[in-house]
Amino acid sequence: MGMQKELQAAIKAILPEVDCVIGWGSGPDPLHGAPLFMRSEDDANRFASGFFAVNNPALFLPEYKGKKVAVVVKGCDARSVGQLLSEGLIKREEVSLIGFPCQGVVDHDKVAAALGEKGEMGEVTAVLEEGDALVLTLRGETVRLNKADVTAEKCMRCQYPNAHIADTFVGEKREPVATADDFADLAVFEAMSLEERQAFWEKEMSRCIRCYACRNACPLCVCRDHCVATSRDPSWLTQADSVKDKLFFQVIHATHLAGRCTGCGECQRACPVGIPVLLLKRSLARSVEKLFAYRAGIDEGTPPLLTFTLEEPTIKERSW
Amino acid sequence: MRIGVFICHCGSNIGGTVDCKSVAEESYAFPDVVFSTDTMYACSEPGQQGIIDAIKEHNLSGVVVASCTPRMHEPTFRRAVERAGLNRYMFEMANIREHVSWIGKNKDANTNKAAELVRMAVSKLRLNRDLHSKSFPVTKRVLVIGGGVAGIQAALDCADAGLDVVLVEREPSIGGKMSKLDKTFPTVDCSSCILGPRMVDVAQHPNITLYAAAEVESVSGYVGNFEVTVRKKATYVDWDKCTGCGLCTEKCPSKKSFDRFNEGVGPTTAIIIPFPQAIPKKASITRDACRQFTKGKCGVCAKICPTGAINYEQQDELVSMKVGGIVAATGYDLMDWTVYEEYGAGRYPDVITSLQYERLLSASGPTGGHVKRPSDGKEPKNVVFIQCVGSRDVSIGRPYCSGFCCMYTAKQAILTKDHIPDSQSFVFYMDIRSPGKGYDEFTRRVQEEYGAQYIRGRVSLIYPKGDKLIVRGVDTLMGGQQVDVEADLVVLAVGGEATQGSPQLAEKLRISYDSYGFFMEGHPKLKPVETNTAGVFLAGSCQGLKDIPSSVAQGSAAAAKAIGLLSKDMLASDPQIAQVDMKRCVGCGKCIQVCPFKAIKEVDVRGQIKAEVIETVCQGCGLCNATCPQGAVQLSHFTDNQILAEVEALCRF
Amino acid sequence: MATLRYLPLAQVPQWLDGLAKSYTVFAPAREGSAVVYRPRAEGSMPELTARPTESAKHVVFPRAHELFSFTYKADPAVVGKRDLTLTQPQDPTPTVVFGALSCDARGFFAFDPVYDGCGTKGLAKDVYYLKRRQNTALVVLACRTALATCFCNWTGGSPASREGADVLATLVNDGLVMEALTPKGEELVSGLAEAGAEQGAAAEASHTAAEATMAPVPGAPLDPKAIADAVLARFDDATFWQAESAGCLACGACTYLCPTCYCFNITDESNGISGVRLRSWDTCMASLFTLEASGHNPRTAKANRLKNRVGHKFSYYPSLHGGRFSCCGCGRCIKSCPSSVDIRRIVQNALAAANVKE
Amino acid sequence: MSVLEGKELRIVGFLCNWCSYGGADTAGVGRFSQPTDLRIVRVPCSGRINPLFIMKALLSGADGVLVSGCHPRDCHYAEGNYYARRRLEVLKGLLPTLGIDPRRFEYTWVSASEGQRWQHVVDTFTQQVHTLGPAKRLPDAPELAALAARLEPLRN
C-alpha cells in the first residue's frame, strides 16, 4: 500500500491549490470502487487506488471548466485527458494531473463469471490482494482468484500504463504490457461471418434498455444533455423498443467517437446489461490508426476526421 | 400543411416513358397532399399559371413539381410560387426526366420510381420553412490584385463605372508581362504603344489607388465587405518625394544587379526604375545588390538625390482597407525550363527564353533593339525556335497547352526577319494552334512570306559545336528523319504556369485552384470569371493561360461582374445557410474547426461558449451540420430532418 | 396456509412448457454478463443462480408500447379530405413471470396507485397498465442470500416476502417448494405434487437463513416519516445535492432497472400517413425530462435531477400515497450504477444532516 | 410503394448538387440508360453527408447506398469532399463489424460533365448490389413491424 500513501500525500499537497481532486474511494461492496471528489484531508484519507479504481475520472473534467482541479489518472485516463485537451474541451492550465504506474484494474464481469455457482459478487464480504491473487470471502468461505484472470481486457493490451501526461508522477514507471495494439479482440469477433455478426448484434442489442449509461460514461461525449438520441429536431431515432434503433444509437455514438475514442472502455463497463459496445469503437479506432496513423489521446494534432490532406495515400478510392 | 403536386409530361420527354397520370393519382395519397394533377409543360406560361391558380384555389402552402432537373427550372418554379404568394422555399422538385424518363426503359419501373421521387420530395417539403434573405450594405470599392493587362483593364473599367479601385502590384511597376513584349500578334503593333497609355490612365485616374511593390497580406470578411490588408514592401525610396528623374540609377556604382524586367538579359543597377514607361515611375533599391546594405557603406544615391527621397531605414508598411469585391489578375510565370537536360539545362548562354528574346527585340531593351546573342554579342543568322517547352508534356507534369506560344513564336520569327533580313528561322513544333481572329493567317504568313522553316517534330538534343549550337530533332512529316540544324541562337517557347504564390493567394481568397495553381472559375462555361466564393472574380492568366485579347476581355468581364455586384447599395444573402440552435449548442467548436469559409465564430452567451453563423459569409455547404454531433447546427433547407425524411420515404414503413 | 407443492428442478422446464400453452411465460435468462427477463424459449431452464440484472417491470410496463396506431386515407372524391382511422392494439395475453424477485413483486405497489387513478374518484385509470397488471401472474423466487446492495428491509420487504406474489417458490435441495398465495397462483401450481413436511420446513429454514444475511436497517427501527422529512429538509441545500451527485453520470440505468420507476414519455412515430403513438420509459435523470414547451428547463443540473429521484422515492411519493416509499430496496440502482452512486448513503446523509441541524 | 417486386433492389444515392447531381443530369441528357433501382437524394455538398445518413438507410432496409461528390480539388466549397472522403472511408470500415457487407456502400467522384462515367458508376454499383442480393433487415419493434404490415395494402 505504499503507492496509496504516496498518492494520498500528493493529493494532500495539491489540495490547497485546487477546487477539488478527483480520484477513487470505496464503493458499496469490497469489489467496487467509486469516484471520489476530495476537498479536505479527511477526503484524501478515503482515497483508494488499485485494482478496483476502475472509473475514468477524466469524465468529470469538462464539468469543472473554469475551475482548477486535480485528477489522479491511470494511463488510460490520461489518454482521455489528452484527447480532451487536444480538442480544447478542457484547459491545460485548469487541470493538474497526478499519474502513477497502473497495474491494471478489475473486470467485474470476469469476477462474476469466475465465481459462477459459488455466489454472486454482492455476497462477497471481504477482498484481499495477495500478490497475483485475489482472495474473496463469501458465504463464509474463501475463494482465490488469479488476478490476471479477472483483469480488464484493456489492461491486457495496455501500452500506456504510466500516465503519459502528468504534472506529478508518483512511483516508478512500469513497463508497458504491450508495445502495439494488435486488435486481437476484433480478430476474435471477425472469425464470425457477416451474417453471424449481424445476428450477434441483433441478439446483444435486443436487451438494451436505452439507459444511455454507455454514452454518459464516455469521457469524450461532448453533447451530454443534448444528445440526438432523445431529440426530435433532429430526429434520428424513434422511441420504439427496436433493435434497429438501439443498434443505430451505438453506431451514432461510435461514429461520433471515430478518431477520438481512446478505448478506455467505460461505455462497455457502464452497460448494466453487459452489451459489448466497445467493439464498434475499437473497429473504428483500428481504421483510424491504419488510415491516419492516429491514436486518440496520444498523438497530437487535430483529430483526423476534423481535418484532411489533399492527397490521402492510404485511402484507396473506387477506381470506377 | 397543404401540398399540391404537379406531374409534368414535358411533352413526350417524360410522358413517353412515365405514366404521369398514375403518378399524380398515387401522389394524392402522400402525406399532406391535398391536390395532385398532371400537366403537359409545367414550365410553360399556362403550366405556371396552372400552379398559381391551384395554389390560390386550394389554399396550398407548398408545391412539388415533378419534371426536369432542379438545376434547370427550380428558379423558374420558385418565382411562380412566389407570385402566388408563397415563400419561394416552400417548393420542391422531383427530377423525373433526367433521372427517370430519359434513363429508364421500363415504363412500370419508371412510373414507380417517379412516384417514389415525388414521395421523397413531399416528405422533404413537409419540413420546409419560409426562408428570407437578409440584406446588408456593401463597400463600393474593388480590389484588383495584379497590374498586368488584365488587371489594368479591370481596374480602369471599374474606375470608369465610378467605383473606387485599389490596384495592388507585386513588382515596382504595373504592366505585367505585356510591358516586356516588343510587339504583339497578329497585328505586330508595338506593345508599349498600346499598353503605355492605359498604364498612364491608371496612374491618373482619380478613382484608382495604386500600390506597386505591394502584396496582399490577408483577406477576411465576405462579399460586399472584405477586409484586406496590403503589405507595401520597403523600396528604400520615399515615393512621395521621388520624381523619377533617374539620376540615382545613373550614378549607382553597383551595376551587376539582376535585371528582373529585362529577364536578366543584361545587368542593371541596384537602384532602378524598371523601364522608361514604368508606372509609377519611381526608383526602388534592390536590397541584395545595394552596397549600402551588403557592404554597409555607399550612400551614393542618397547623396545625389535632389529631393532626398532615399531612405535606407524604410520598413514594410501594412495598409488595411475594406472592399466590396475582389478581382484576382495575378497572371503567370514562365515555367523553369532548366529541367530540360536535352536543351542544356541553362548551360548554354545562347539558348534563351522567348521572353528574353522579346527584350532583345525591344527598342527599349538592353540592346536597344539590336538582336545580339548573349555569348558574344554577335548578330545571329540562324535562329531556331523550339515550341512546347514545358507545355503538353506529361513527363514533367505539364500536360496542358499554354495557348499563346505558337502565336508569339510566329511573331518572333517575323520580327527576326525584320531585324535581320538575311536571317533564317527554324521552328520545331508539335502542332500549330492558332484558333483566333486572324491567327491562322498569321502563322501562314510567317512561313509563306517570311520564309520561316517549320519542322514538325521534337528536339532531342542541343549541343555546342564551335560558336554554334547544333539542334537535333526529327521531322515527323519526313517519316521521322533526323534533322540537325546549325543555330546561332536558340529561342525556347517556354510555357507558362500559375504565378509564384498562387495557391497561397487562393487560400487567402478562399477560392479553389487546380493542381497547377491556376484559380478555378465558378463554372467552366457559364461562370468563367466568377469563383465559387461570392465577390471574388478572375481575370487573365491566373485562371488559365491566355493571350492578350482574352485577358483584356476577361478583365472587362470581371469588372462587369464587380460593377454589377456593387451597383446595389444592399446585397441579399442566400438564406440556405447554416443556423445554430443556441439551446442545443455545447460550444465544442468542431464546426468552427471545419468551416471552409470561417463563417462560424464563437460567441459568449451568458457565460457559455456558443457557435454563431455569420450569415453573409456562410456559403451553405453543410459541413458544419454533418460535423456537429448533437445536430445543433442545421443547414436551412437541407436539415437533418429533411434529409432523414427523404431517406425514410424510401427505407421506412 | 395454502398447500405447499413441490417441483423437482429437473421438471421445471417441462412445467413451464405446460404453462406456455395458456400463458406467455417470462423467465430469467442469462445473456452475456446480464440476466434478463425474456419470453422463455421452450424447453429451457431459467437462470436461478444469479439474480436478474433488470426488474420484471417491463412485462407489465413495456419499455415502449403502442397505445394505438393511426392512418390517414385520402378521399379521392373530395379534394384534401383525409379519413382518420385509429386502431387499438390487441389486449395483452395472460402472462406469467417465473422467477421474479420478491422486490420486483413489491415494486408494482408503487405503480398501482398511480395508474389506478390514485385511488381517487374521478381520476383516469390507465387501462394499458391495468390490463397487463391484471393479466400477469408473478411466481416469486425467494432469495436465499442478501447482496451487499440489498435493502428491501428498509422498505418493509424481506428476501422471501410474499407481498405481491401469486406464488412463492423456494429453492430447496434439488427442487422448488411452491406456495400459492392467490387464486391466480393456485391455478398455476394446482397440478403439482404436494410437498412433504421436510420440504416445507426446508423452505421455511431457507427464508430464515436468507433473512439472517440481510444487513440490519441502520438505526432501526426505521422511521419512514423521519426519512421523508429529512430528505425534504434538504430541498434547498444545493451543496448537499452537488456533493451527492458529484459522481453521478446522469444516465438512466438506475431508473430503468428500478422496479418502481414508472415515468414515461409519449411520442408519435409517423411517416405522415400513418403511425403509432408510443408510450416509452422516461427517466428523471435526463435533462429533457423536464424540458418545457417554452424551451425553459427547470432541472438542468444533474444535482437537481438526482434530488428529484431521491426526493420522489423517499418524500414526495410517500406524501401522496400513504407514506409508502416508491422504493422496494432491490438495490439494482446501486449494483448497476457505473459510478456506484448509493441511494442508501444519500438517505443516510440526509438523515445525518437533519440530526446535525436540529 | 415498395420496389418493383423481385426486379429492383432498394438503392439510395446521396449526390452533391454541383458535380455529381449534374453528372447524373448529364447522363440523362445524353440518354445513357441506367438501371432504375437508384433513388437520389440531392445535398449541397458531399461534406454535408453525415455518414449516419448512410447508416440510417442501411439499417432501415436499403440494399445499397451510393455517395458521389465532386472530384477532390473540385469541391464547390473547396474542402467538403476532402472531409467526406475521410469520413466515408472510415464508415466503410465499420460496416463489416456491424455484419453489413461493405460492398453495399460505395463512394465515388463524378463531375457534372461526366455523364458517361455516371452511367458506368450506376451500372456497376447496381450490379454489385444485385450480386449481393437483398440485405437482411434488422427487426423493427413489433409495433412498427405490425404497422408496416397493415400499411402494405395502402401501397398497392
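No lab work stands behind these numbers, since they all come straight from the coordinates. Because the structure is predicted, anything quoted here is derived from the model rather than measured. Cβ atoms come from the backbone with ideal geometry, glycine included; neighbour counts cover every protein chain shown.
In the protein assembly as shown, taking the dipole from charged Cβ atoms about the Cα centre, the farthest positive-side position among B:9, C:326, A:14 is held by B:9.
Looking at the range B:6-97, which chymotrypsin sites (Phe, Trp or Tyr not before Pro) are DSSP coil and have at most 10 other C-beta atoms within 10 Å of their C-beta? Of the chymotrypsin sites (Phe, Trp or Tyr not before Pro), not one in the loops of the range B:6-97 has a Cβ with at most 10 other Cβ atoms within 10 Å. Only lysine pairs 8 or more places apart or on separate chains count here, and in the range A:181-320 those with Cα atoms under 27 Å apart total 8. Beta-bridge orientation, the protein assembly as shown: approximately 55 percent antiparallel, per DSSP, counting only bridges with both partners inside. Label-to-label distance for residue B:394 and residue B:72 is 3.6 nm, based on points extended 7 Å past Cα in the beta-carbon direction. Principal axis extents of the C-alpha atoms in chain B (largest first, rounded to whole Å): 91, 69, 41.
The long axis of helix D:115-132 is offset from the longest Cα principal axis of chain D by roughly 30 degrees.
Taking the charge dipole of the range C:1-158 about its Cα centre, with +1 at Lys and Arg Cβ atoms and -1 at Asp and Glu Cβ atoms, the residue from C:29, C:151, C:60 reaching farthest to the positive side is C:151.
Note on residue B:233: aspartates and glutamates with a C-alpha under 19 Å away, same-chain residues under 8 apart excluded, are B:169, B:171, B:215, B:217, B:259, B:288, B:313, B:316, B:317. For a modelled paramagnetic label at residue A:320, 7 Å from Cα along Cα-to-Cβ, the residues of the range D:86-129 in reach, with backbone nitrogen under 15 Å, are D:103-110, D:116-129. For the range B:334-415, evaluate the Debye formula with one uniform point scatterer on each Cα (no solvent term) and list log10 I(q)/I(0) at q = 0.22, 0.23, 0.27 Å⁻¹, rounded to two decimals. Reported log10 I(q)/I(0), two decimals: -1.17, -1.24, -1.44. With a 10 Å cut-off between alpha carbons and a GNM built on chain A, which of A:157, A:174, A:79 moves the most? Highest fluctuation of the listed residues: A:174. Placing a label point 7 Å from the Cα of residue B:316 along the Cα-to-Cβ direction, the residues of the range B:278-300 whose backbone N falls under 16 Å from that point are B:287-288. Based on the convex hull around the alpha carbon atoms, the range D:11-155 presents an average projected area of 9.3 nm².
In terms of surrounding Cβ atoms within a 10 Å radius of their Cβ, A:59, C:188 rank from fewest to most as C:188, A:59.
Among A:90, A:209, A:14, which one moves the most in a GNM of chain A with springs linking Cα atoms closer than 10 Å? Of A:90, A:209, A:14, the Gaussian network model singles out A:209 as fluctuating most.
For chain C, C:118, C:143, C:150, C:152, C:248, C:251, C:263, C:284, C:327, C:337 stand unpaired, since no other cysteine beta carbon lies under 4.7 Å from theirs. Ratio of Rg to Rh for the range A:49-163, alpha carbon only, Kirkwood? On the Cα set of the range A:49-163, Rg over Rh gives 1.08.
Helix B:107-125 axis versus longest C-alpha principal axis of chain B: approximately 90°, rounded to the nearest ten. Structural size metrics of the protein assembly as shown, computed from C-alpha coordinates, are Rg and Dmax of 40.1, 137 Å. Model label points for residue B:456 and residue A:17, set 7 angstrom from Cα along the Cα-to-Cβ axis, are 8.2 nm apart.
Provide, as a two-decimal number, the C-alpha radius of gyration of the range D:23-62 over 2.2 N^0.38 Å, N being how many residues it has.
That ratio works out to 1.45.
For residue A:300 and residue B:341, a Förster radius of 41 Å and the Cβ-Cβ distance give a FRET efficiency of 0.45, rounded to the nearest 0.05. Near residue D:65, once Lys and Arg are set to +1 and Asp and Glu to -1 for all other residues with Cβ below 10 Å from its Cβ, the sum equals +1. Taking the Cα centre of the range A:49-126 as reference, the dipole from Cβ charges on Lys and Arg (+1) and Asp and Glu (-1) amounts to some 440 debye. Measuring r between the beta carbons of residue B:287 and residue B:136 and using R0 = 60 Å, the FRET efficiency lands at 0.85. Remark on the range B:333-497: hydrodynamic radius 15.8 angstrom, per the Kirkwood mean of 1/r across alpha carbon pairs.
Of all alpha-carbon pairs in the range C:21-132, indicate the percentage at a distance above 21 angstrom. Cα-Cα pairs in the range C:21-132 separated by more than 21 Å: 54 percent. Summarising the label geometry, the points placed 7 Å from Cα in the beta-carbon direction at residue B:201 and residue C:186 lie 11.2 nm from one another. In this structure, the pairs whose alpha-carbon distance is over 30 Å, taken from B:378/B:411; B:232/B:610; A:173/B:590, are B:232/B:610; A:173/B:590. Here's the list of lysines a cross-link from residue B:568 could span, going by alpha-carbon distance under 19 Å and ignoring same-chain residues fewer than 8 apart: B:134, B:140, B:322. Directionally averaged projected area (the range B:3-125, Cα convex hull): 6.1 nm². Rounded to 0.05, the FRET efficiency of the residue C:3 and residue C:93 pair, given R0 = 35 Å and the Cβ-Cβ distance, is 0.80. Along chain B, counting only GluC sites (Glu not before Pro) with a DSSP assignment other than H, G, I, E or B and at most 15 other Cβ atoms inside a 10 Å radius, the longest segment between sites is B:1-312. In summary, the convex hull built on the alpha carbon positions of the range D:52-107 has an orientation-averaged projected area of 3.7 nm². Partners of residue C:313 within straight-line reach, counting lysines whose Cα lies under 26 Å from its Cα and excluding those fewer than 8 residues away in the same chain: C:57, C:121, C:125, C:131, C:225, C:302, C:335, C:357. Taking every DSSP bridge with both residues inside chain B, close to 50 percent are antiparallel. Of C:103, B:406, the sequence from fewest to most neighbouring Cβ atoms within 10 angstrom is B:406, C:103. Among C:151, C:70, C:264, the largest mean-square fluctuation in a Gaussian network model of chain C, built with springs joining Cα atoms closer than 10 Å, belongs to C:70.
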